[in-house]
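Reviewing the structure listed below.
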Amino acid sequence: MTEFLNKNDICLVCFGSSLDSKLLKHHISYFPERVAYVHYDCHNRIHSVPLTNFIQYDEGDSRKFYDNESNKTKDQTIEARLKS
Ligand SMILES: [Zn+2]
Ligand SMILES: [Zn+2]
């Protein structure tokens, strides 16, 4: 079961509103699945800085996760593309 750390109207990185820019789902961990809603730009920061508070999974977990057909949804395609 997916655990959401915040609601989809506030960004967990900068606590800005979803009105500022669209929020997307970032996986903080895959096993168990924990998801945070963050701005597109904030999401880029998580992965490029990186913000380790927001990355609590092991190398390879995302591959394992997305290799599972049932987990392939439209939203998560963004994550896969960003190698999260
Ligand atoms: Zn933000
Ligand atoms: Zn991500």
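Quick notes on this structure:
- Listed from fewest to most Cβ neighbours within 10 Å, the set 70, 62, 48 follows the order 70, 48, 62.
- Relative protection proxy for 4-14, 36-46, 18-28, from highest mean packing down: 36-46, 18-28, 4-14 (other beta-carbon atoms within 10 angstrom).
- For region 41-54, 3J(HN,Hα) per residue [Karplus equation, 6.51 cos²θ - 1.76 cosθ + 1.60, θ = phi - 60°, Hz, x = Gly/Pro]: 5, 5, 5, 4, 4, 3, 8, 9, 5, x, 8, 5, 4, 9
- Cβ-based exposure ranking for 57, 30, in which fewest neighbours within 10 Å come first: 57, 30
- Neighbour counting of Cβ atoms within 10 Å sorts the residues 63, 34, fewest neighbours leading, into 63, 34.
Read the figures in this text as sums done on the coordinates, not as results from a lab. Quantities reported herein were computed from a predicted structural model and do not represent experimental measurements. All Cβ positions, glycine included, derive from the backbone under ideal geometry; neighbour counts span all protein chains shown.
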